[in-house]
Each structure stands twice: as structure tokens, then as C-alpha cells.
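The values are calculated or read from the model by the stated rules, or taken from the named source; none is laboratory data. Bear in mind the structure is a predicted one, so any value in this text is a computation, not a measurement. Cβ: placed from backbone, ideal geometry, glycine included. Neighbour counts: every protein chain shown. When the accessible area is computed, the model is the full protein with side chains, heavy atoms only, and any ligands, DNA or RNA have been set aside. Shrake-Rupley method; radii C 1.70, N 1.55, O 1.52, S 1.80 Å.
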Amino acid sequence: MDKNYEPPIHWNDYEDIAMALYEKFGNDFNESKIYRIRFTELLEWVLSLPNFAGKREESNEGHLEQIQAAWVYEWRDNQD
């Protein structure tokens, strides 16, 4: 098995999406900035993640809220 293979990410894989966003943006966004991101922007960023397999029409506000919250937790975890 190819160890570089990463399984596809879908809308309900909130932690995986959050980790990918944190890897992409690092500390460019702190907690308050993450919560101020427009959902339209967040949607585009998620759709552009390398192994994201979800479709635009499958997204909803609930998914985006969960992704935002998971991203905040991911950011906090990396502040030690």
C-alpha cells in the first residue's frame, strides 16, 4: 500500500478538514479570526483542499460551523 495515499475527506470529517486548514494556514488565523471567516470563504478553502472529495452542493451551514469549531480546537492544540 502506498503510504503517501490519504483517504478522501468528506463534509462530516470535521477534524480532518480542521487539521488540513491548520496545516495550510498555520497561525495566520487565531481563534477570533477563525470565527470571523465568512462561510463563503471557508467553503472555497475546504473545496480546494487536496484530498477533499465533498461537493459544493453537499455543504451546509451546520458543516461549516462544525469545521470552524474544529479548526479553533486544532489551533488551540498547537499553541503549547
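Some points to look at:
- Portion, in percent, of the accessible area of the chain that falls on carbon or sulfur, probe 1.4 Å: 46
- Alpha-carbon centroids, the stretch 8-28 and the stretch 36-80: separation in whole Å: 6
- Within the stretch 2-35: backbone nitrogen closer than 11 Å to the GLU41 label point (7 Å, Cα to C-beta): 29-30, 33-35
- In this label model, ARG56 and GLU15 are separated by 3.1 nm, measuring between points 7 Å along each Cα→Cβ vector.
- Taking a ≥ b ≥ c as the square roots of the eigenvalues of the Cα gyration tensor, the chain is classed as oblate, since a/c reaches at least 1.5 and a/b does not exceed b/c.
- Averaged per residue, the chain has 68 square angstrom of accessible surface, using a 1.4 angstrom probe with ligands and nucleic acids left out.
- Backbone amide hydrogens, once placed in the peptide plane, bring PHE52 within less than 5 Å of ILE9, excluding anything fewer than 5 places away on its chain.
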